[in-house]
Structures are given as structure tokens and as C-alpha cells.
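The values are calculated or read from the model by the stated rules, or taken from the named source; none is laboratory data. Because the structure is predicted, anything quoted here is derived from the model rather than measured. Counting neighbours? That spans all protein chains shown, and the Cβs are built from the backbone with ideal geometry, glycine included. Ligands, DNA and RNA are stripped out before the accessible areas are found, and what is left, the full protein with its side chains, is counted by its heavy atoms. Shrake-Rupley method; radii C 1.70, N 1.55, O 1.52, S 1.80 Å.
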Amino acid sequence: MADAEKLKRKNNLPPPPPVEETSNNIHPRSNITNYERIDGRSLRRTGRTIQFNTRVTPEFDMKLREIAQREGLTLAEILERALMRYDL
């Protein structure tokens, strides 16, 4: 029979460094504090099937979601309308 004690992990790692000693790349780049994001999955189905992912600033994300909530539209509908106006 196997000895279970041999399978246990031993914590040999030192404690993490204090925040003051860490690199600046792990700190937020924006002044925006936590804001509540609306989960788009709670909105209605639209029939869209292609996924579109991109990285945006927290300010852009917050503004886009504010517009979508105010207008009662999905994020995709807001982006589609913006593209239609851009394409005029």
C-alpha cells in the first residue's frame, strides 16, 4: 500500500515580496476603481454566432456598457451602429 505522506506537497516557497518591492507592471494602469460590469449573457439572444474578442481600456468598456444599458441594446448592437455611422 502507498504511503500517502510521501504524496503531500511541502510548501518550500518563501512568502511573496511586499507590494512596494514588486514590479509596476502588476499594478492597474487606470484610475478607475472597481465598477460593476453587466454580464451580457443576461441579455436577450440575438442569433449572432461569430465571436469577436478584443482588448479595450477600462474607460472604453465602461462607456460602451453605459450606452448599451441606457439604450437597452447589446454590446454587439452598439458596435454595429457605431460601424454603420463610421461607414457613411
Exercise. Right, Thr57: at pLDDT 90 or above and among the hydroxyl-bearing types (Ser, Thr, Tyr) or not?
Worked result: yes
Problem set entry | Positions within the range 1-21 being part of a helix (DSSP H, G or I) and open to solvent by 100 Å² or more (accessible area, probe 1.4 Å), in sequence order | Glu5, Lys6, Leu7, Glu20, Glu21
Exercise. Name the pairs: first residue in the range 73-88 and closer than 17 Å to Ile50 by Cβ, second residue of a type in the set (Ser, Thr, Tyr), Cβ to Cβ under 8 Å, at least 6 apart or on different chains?
Worked result: Thr74/Thr46; Ala76/Thr46; Glu77/Thr46
For this session: Determine if the range 23-30 includes at least one residue that is part of a loop (DSSP other than H, G, I, E, B) and modelled with pLDDT of 65 or more.
Result: yes
